[in-house]
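Colleague: This is the structure I want to talk about, given as structure tokens.
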């Protein structure tokens, strides 16, 4: 009886996963999608537990219990600003799981032929994604320096590492019995994961996280081939394509290629060559800023990673409320790579109760800037830098930007005049219609709100 | 048809389906999408259960399997819960009160 029920369980689970992703297309149906995904997972796990091959439940139950005891607080206590880190660490867990299963499977059954090929792929991707995600986590959590770490000949060293690991993998496919090769293969994969992420800087994290998401999925899919399990193949493929699409979107939003993100060590080269010259800027006080906002009819806010760092999203929502009550149209312009992961700004602003229909994508909001009275830039820099359009040899040339400079007045809240991640000076700051608001984003927005409330 | 050949077809179709579905996901929800797919790919828990619960598992395979079940369970549990927690925050403006449905 179980033999007939199990394929049915797996099939329904696959359907649940597909529906889960389908329903993510709109916030209205998305929570239904989570339930579909949960049901799918439940079916798959229960079905597997009932398989005749599974006889010993002790360790499985202990792991379930421990995993839930760790997972539940991880989900509920994690502050929303730490979501990129959480995502990175969960990629690490997922990749570790599939790498270890591959390893166990190898020592247990020493498979041959196609199964071994799948197993080698699974463990290679699993181990390298594990350490790479840990490194990404370290950079996002700022345990490790967020600036790229580079040295001479780095790309050659990385390439050699990768080629050797793949070479050993191929050797293992042809003679799976040479068991002493396996630990070296695993070790090199782990090492490659580390060396892959070291030269990548903080602002490239959206792409990297998406890519690691894809790798973790592909590793699970390869496991599906190794275990001859179609459900794993499907779920892994869905995850793999999801990560890949997000990575492509991120790359397009920076006008860069994968290779450039992974091997380009962006942001390192520029710091030394940038000419430092003091140019005059116009600055303004919270009072003046409040006055201008009060006189505006349409305001577009451009949040960036700096908003997340300053935790300014709640104050920003207060500003949104005050201005909206006065009949001023306030919208938020979201650049695809703003923040440290895809969709980062949206989640933070949604957490602060900004209605999501006010969060507008780049292509939709750009034509609106000439009609806007004020463009308020908070903690964003490179994504509003006109050099991307005007300066041909700029490192960010060709990157699509939010055209804040076309607004009647531009206000930029910024701590100081230091350059952005890419280390390039921003023309926007020196324009005649730009006002620099120097200070901490949270404090500054707070003072503007206070000012607006005072003169009702 | 050999089993792996069949598997490759399944993979190809699932990948195309994934591309089509994910292209339609609003950029608004890219972060929850990522944590959702992450929870889904923790389906590797299936493989981990098989390894850990096997009749004559060795100490090595059982230990590796145990860690794998643990890691995958953390992802399943925290992945789905945090996705739901994030999605709960996405609210539309209430047309009557002009309020974003705050409690």
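The values are calculated or read from the model by the stated rules, or taken from the named source; none is laboratory data. If you're wondering where the values come from, they're calculated on a predicted model, not measured in any experiment. Cβ coordinates were reconstructed from backbone atoms using ideal geometry, including for glycine residues, and neighbour counts include every protein chain displayed.
Colleague: Report yes if residue A:197 is more than 20 Å from residue A:92 (Cα to Cα) and in the same structural domain as residue A:242 (by TED's automatic domain parsing), otherwise no.
Modeller: Numbers: more than 20 Å from residue A:92 (Cα to Cα): no; in the same structural domain as residue A:242 (by TED's automatic domain parsing): yes.
For residue A:197, the condition - more than 20 Å from residue A:92 (Cα to Cα) and in the same structural domain as residue A:242 (by TED's automatic domain parsing) - is not met.
Colleague: Inside chain B, counting only helices (runs of 4 or more DSSP H) that do not spill past its ends, which hold 2 or more residues that are touching a residue at least 24 places away in the same chain (Cβ under 8 Å) and within 20 Å of residue A:210 (Cβ to Cβ)?
Modeller: Working: elements: B:3-23, B:30-41, B:45-53, B:59-89.
In chain B, B:30-41, B:59-89 are the helices (runs of 4 or more DSSP H) which contain 2 or more residues that are touching a residue at least 24 places away in the same chain (Cβ under 8 Å) and within 20 Å of residue A:210 (Cβ to Cβ).
Colleague: Would you kindly identify the helices (runs of 4 or more DSSP H) lying entirely within the stretch A:149-231 that contain at least 3 residues that are surrounded by fewer than 24 Cβ atoms within 10 Å (Cβ to Cβ)?
Modeller: Details: elements: A:154-174, A:181-197, A:205-227.
The qualifying helices (runs of 4 or more DSSP H) are A:154-174, A:181-197.
Colleague: Can you tell me how many residues in the stretch B:53-64 are modelled with pLDDT under 95, within 7 Å of chain A (Cβ to nearest Cβ) and either out of contact with any helix residue (DSSP H, G or I) (no Cβ under 8 Å at 6 or more places or on another chain) or surrounded by 24 or more Cβ atoms within 10 Å (Cβ to Cβ) (or both)?
Modeller: Residues meeting the conditions: 1.
Colleague: Name the residues in the stretch A:378-402 that are crowded, with 21+ Cβ neighbours inside 10 Å and out of contact with any strand residue (DSSP E or B) (no Cβ under 7 Å at 6 or more places or on another chain), would you? Talk me through it step by step, then tell me what you get.
Modeller: Keep residues of the stretch A:378-402 that are crowded, with 21+ Cβ neighbours inside 10 Å, which gives A:378-385, A:387-388, A:396, A:399, A:401-402.
Within the stretch A:378-402, A:381, A:382, A:383, A:385, A:387, A:388, A:396, A:399, A:401 qualify.
Colleague: What number of residues within the stretch A:330-354 satisfy the criterion of being facing chain B (nearest Cβ under 9 Å), over 28 Å from residue A:292 (Cβ atoms) and not in a helix (DSSP H, G or I)?
Modeller: So the count comes out to 4.
The rows are residues; the columns are (1) at pLDDT below 95; (2) outside any helix (DSSP H, G or I); (3) within 20 Å of residue A:382 (Cβ to Cβ); (4) not assigned by TED's automatic domain parsing to the domain that holds residue A:433.
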site: A:233; (1), (2), (3), (4): no, no, no, yes
site: A:236; (1), (2), (3), (4): no, no, no, yes
site: A:277; (1), (2), (3), (4): yes, yes, yes, yes
site: A:306; (1), (2), (3), (4): yes, no, yes, no
